[in-house]
Amino acid sequence: MPPMLFDKFKTMAAFQAELAARQVAPFGAVTEELFSATEGVVQGRRVILAGSNNYLGLSWDPRCIQAARDAAARWGTGTTGSRMANGSFAEHRALEREMAAFYGLDHGIVFSTGYAATMGMCATLAGPGEVILLDADSHASIYDGVRLSGAEIMRFRHSDPDDLARRMRRLGERAGQALIIAEGIYSMLGDVAPLQEIAAIKREYGACLLVDEAHSLGALGATGRGAAQAAGVEDDVDFTVGTFSKSLGAIGGYCVSPHAELEAIRYCIRAYIFTASSSPSVIASTRQALRIIQQEPQLRDTLWDNAQRLYGGLRQLGLPVGPAASPVVAVEMTDQINTINCWQALLERGVYVNLVVPPASPSSNFLLRNSVSAAHSSAQIDDIIAAYAGLVEAGLLQPAKAG
Amino acid sequence: MAGLEQQRKGSKQMTDYQDYLDFLYRALEPYNKQALALSESTELVADIGLSSLEVMEFIEKIEDHFDISIPLNILPDVNTIGELARKVRELNP
């Protein structure tokens, strides 16, 4: 038999078949009903949602829901077109101004998804003959973007400023043209990039710096702008990208910048041009959520209280959860089948978390990835910890060996 | 270890293709679990069975040793040890 087009999918098909045989469906588990930002029915079971990235719980805020309703009534359900053609409504422009103003900047672009924002910016800013240095553990949207850019792509070791500095030195005079890419909070393990050190290297060589704040917007910084604000290096960031689908509870992405050139760059981004713009209802709820995170900084405090509570609880159980508390708390595992069994057991004990397998996880490890919300009650966090404790007692999770 | 140190110092002058090959053979030893007899036509993934994570780790070792950065862009064109040796030589002026 000659090789067939679909042969390369056999491994994935076998993995999916194995999951089906075990009657577990961790990927694309169907949410059948929601009762709040933190509770719902997933695959027939009533669960606490501990893998939703709904960091501030705003997807269920009545003010955001009302804003979406009003916008749908006023503008209809969709724009039916690209931002470049008929798809730029007053709502989109208003959100761009408000997002830039939130960062104290003049220029902003709104995209239809966070993936489109990050991928589009990474594909467009540097091109053939130029160099991109990206963190080795960058999100797929960054990898996909830089691959399309045509630029020379070099990875530096994850959150390792010394390795970045070595690579900048090796570039010689090309370093001044380089684009450095890092994230704020890394999405899988919840660790925060050393942005002070990275910004210092950027300054030393006169390079450009793009920071993806997808998981840190609304979670870090004095006013919730993200990790660069928390590190005090916002002036060194040339382009901030992020998403509306986490702390802002909707869907969409953005880029803000101090550079006036962003207005010209906008018309060169294929991920901006060749896709329909967000529905007005989505933009309207995002605008409302952005107002809320500015008016209610206490949401951030609650998020971190919950993060500390979950992190502390899982750590006390002896589980390998990483060096510091974060809105993302991941339990690192080494055995795939064991991780899948734990995921299923958590679901059966009323807790939905994310199951992460390589290459989505940054190493060969498997993750039970929890994300915390300001909308979780302390009792819910304790229930999540109790579910893990139940797994330890049942011998499914072995703290000593789990690392 | 003295030999390794000497070799590191001399690495910038090392221009002979065979020297690059020999370095790669040695660096690949920890990954060569089936103890294949390595040659320039041995494929890194198809023959030795490097995973994508191991490929990146191996590339980092080469980068550290020669004090170069290897762009990800070259990877689709590199299958064999010989192809990698030629690329590393190109990048190490």
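The values are calculated or read from the model by the stated rules, or taken from the named source; none is laboratory data. What you are looking at is a predicted structure, and each value in this text was computed from that prediction instead of being measured. Glycine also receives a Cβ, built like all others from the backbone with ideal geometry; neighbour counts cover every protein chain displayed.
The set of residues in the range A:146-160 being free of Cβ contacts under 8 Å to residues at least 60 places away in the same chain and touching an Asp or Glu at 6+ places or on another chain (Cβ under 6 Å) consists of A:Ala151, A:Phe156, A:Arg157. The listed residues are A:Ala37, A:Ala17, and the only one of them that is part of a helix (DSSP H, G or I) and either in the same structural domain as A:Ile340 (by TED's automatic domain parsing) or modelled with pLDDT under 95 (or both) turns out to be A:Ala17. Of the listed requirements (1) among the β-branched types (Val, Ile, Thr); (2) at the interface with chain A (Cβ under 9 Å from one of its Cβ atoms); (3) surrounded by fewer than 19 Cβ atoms within 10 Å (Cβ to Cβ), B:Val55 misses just one: (2).
For the range A:199-223, a residue qualifies if it is surrounded by fewer than 23 Cβ atoms within 10 Å (Cβ to Cβ) and within 19 Å of A:Leu299 (Cα to Cα), and the qualifying residues are A:Gly221, A:Ala222, A:Thr223. Within the range B:76-90, the residues that satisfy the criterion of being under 12 Å from the mean Cα position of the chain (by Cα) and either facing chain A (nearest Cβ under 9 Å) or under 26 Å from A:Asp144 (Cα atoms) (or both) are B:Val78, B:Asn79, B:Thr80, B:Glu83, B:Leu84, B:Lys87, B:Val88.
Taken over the range A:127-141, residues that are more than 12 Å from chain B (Cβ to nearest Cβ) and crowded, with 23+ Cβ neighbours inside 10 Å amount to 3. Of the residues A:Ala165, A:Ala182, A:Ala151, the single one that is in contact with a strand residue (DSSP E or B) (Cβ under 7 Å, 6 or more places away or on another chain), at pLDDT 95 or above and away from chain B (no Cβ under 11 Å) is A:Ala182. Whether any residue in the range A:248-266 is of a type in the set (Phe, Trp, Tyr), modelled with pLDDT of 95 or more, within 29 Å of A:Arg74 (Cβ to Cβ) and outside any strand (DSSP E or B) is what I want to check. Looking for residues that are of a type in the set (Phe, Trp, Tyr), modelled with pLDDT of 95 or more, within 29 Å of A:Arg74 (Cβ to Cβ) and outside any strand (DSSP E or B), one finds none in the range A:248-266, hence no.
From the list A:Gly28, A:Gly87, the lone residue that is on the phi > 0 side of the Ramachandran plot and either outside any strand (DSSP E or B) or outside the structural domain of A:Thr275 (by TED's automatic domain parsing) (or both) is A:Gly28. Condition first: in contact (Cβ under 8 Å) with a residue 40 or more places away in the chain and at the interface with chain B (Cβ under 10 Å from one of its Cβ atoms). Now tell me which residues in the range A:168-179 satisfy that. Within the range A:168-179, A:Leu171 is the sole residue that qualifies. Within the range A:347-402, restricting attention to residues that are of a type in the set (Phe, Trp, Tyr) and in a strand (DSSP E or B), the residue that is nearest to the other protein chains (Cβ to nearest Cβ) is A:Phe366.
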